[in-house]
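What follows is a short report on a single structure.
The values are calculated or read from the model by the stated rules, or taken from the named source; none is laboratory data. Everything quoted here is computed from the prediction, not taken from an experiment. Quick reminder, even Gly has a Cβ in these numbers, built from the backbone with ideal geometry, and neighbours come from all protein chains shown. Keep in mind that these areas ignore ligands, DNA and RNA; they rest on the heavy atoms of the full protein, side chains included. Shrake-Rupley method; radii C 1.70, N 1.55, O 1.52, S 1.80 Å.
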Amino acid sequence: MTTLWERSRQVAVQAILDTAVRLFAEQGYEQTTIAQIAREAGISQRSLFRYFGTKEDLVCGDQEALGELLKRTVEQQPAEMSAWDALRAGFEVILTANHPPERALELSRLIFDTPSLHARYIEKRLRWQAELVPVIRARLGNRPGHPAPDTQAKAIVATVFACIDTATELWAGHDGRIDLADLYDQCLAAVRDHG
């Protein structure tokens, strides 16, 4: 059961995010200041930083928490599930973990259209990849006739992330009119198709 404090916090976070995303859309990410967001949201800059550590966190969210959720979800998938399917299940969970699809679409547009945000996004995603490799390596185990688990795990994780990013960029570019999961499946099929 959510406490009153947690509900109040969620309302405050949502109000700040709504204000920030509106300002970013109206005048651009780089041109929007923290002071302006705080003023328009009716809070002090200090209060804003209690909810969001950096300006980038307003767009990218708490990447550490999302990375942990992704890792935990992949780890919890049944042992008989393939590494590919376990990673897909993890991404399905985190895609809707923090935002409804409309907000995720707005934020994805911002990330892919703003070079500084995109660079920060990639940096954080590389950390996620590194944390997932041991999870996928354990899932693969040693199988005769297959590459070493470390090589295979790194390749699978990198491929899945590339497909997720490509699908998300296409989804944002098409204003969300194409299903994101379908786009991901198409990207993965294109990579895994041996002709």
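Worth a mention:
- Comparison of Ala181, Ala97 shows that the only residue that is under 30 Å from Glu26 (Cα atoms) and assigned to a helix (DSSP H, G or I) is Ala181.
- Enumeration of residues in segment 48-85 that are within 19 Å of Arg9 (Cβ to Cβ), small (Gly, Ala, Ser) and either loosely packed, with under 13 Cβ neighbours inside 10 Å or without any contact (Cβ under 8 Å) to a residue 24 or more places away in the chain (or both): Gly53, Ala65
- Check on Asp175, farther than 30 Å from Val13 by Cα, open to solvent by 60 Å² or more (accessible area, probe 1.4 Å) and of a type outside the set (Lys, Arg): no
- Residues in segment 9-21 that are of a type outside the set (A, V, I, L, M) and either over 18 Å from Leu107 (Cβ atoms) or modelled with pLDDT under 90 (or both): Arg9, Gln10, Gln14, Asp18.
- Filter result (under 18 Å from Ser116 (Cβ atoms) and open to solvent by 20 Å² or more (accessible area, probe 1.4 Å)) within segment 16-25: Ala25
- In the set (1) at pLDDT below 85; (2) among the polar types (S, T, N, Q); (3) open to solvent by 20 Å² or more (accessible area, probe 1.4 Å), Thr33 fails one condition alone, (1).
- Unique match (being open to solvent by 50 Å² or more (accessible area, probe 1.4 Å), on the phi < 0 side of the Ramachandran plot and either free of Cβ contacts under 8 Å to residues at least 12 places away in the same chain or not polar (S, T, N, Q) (or both)) among Arg88, Arg103, Arg125: Arg88
- When we screen Ala89, Ala138 for residues that are assigned to a helix (DSSP H, G or I), among the small types (Gly, Ala, Ser) and under 30 Å from Val11 (Cα atoms), the only hit is Ala89.
- Flag if Ala130 is open to solvent by 70 Å² or more (accessible area, probe 1.4 Å), among the aliphatic types (A, V, I, L, M) and within 28 Å of Pro78 (Cβ to Cβ): no
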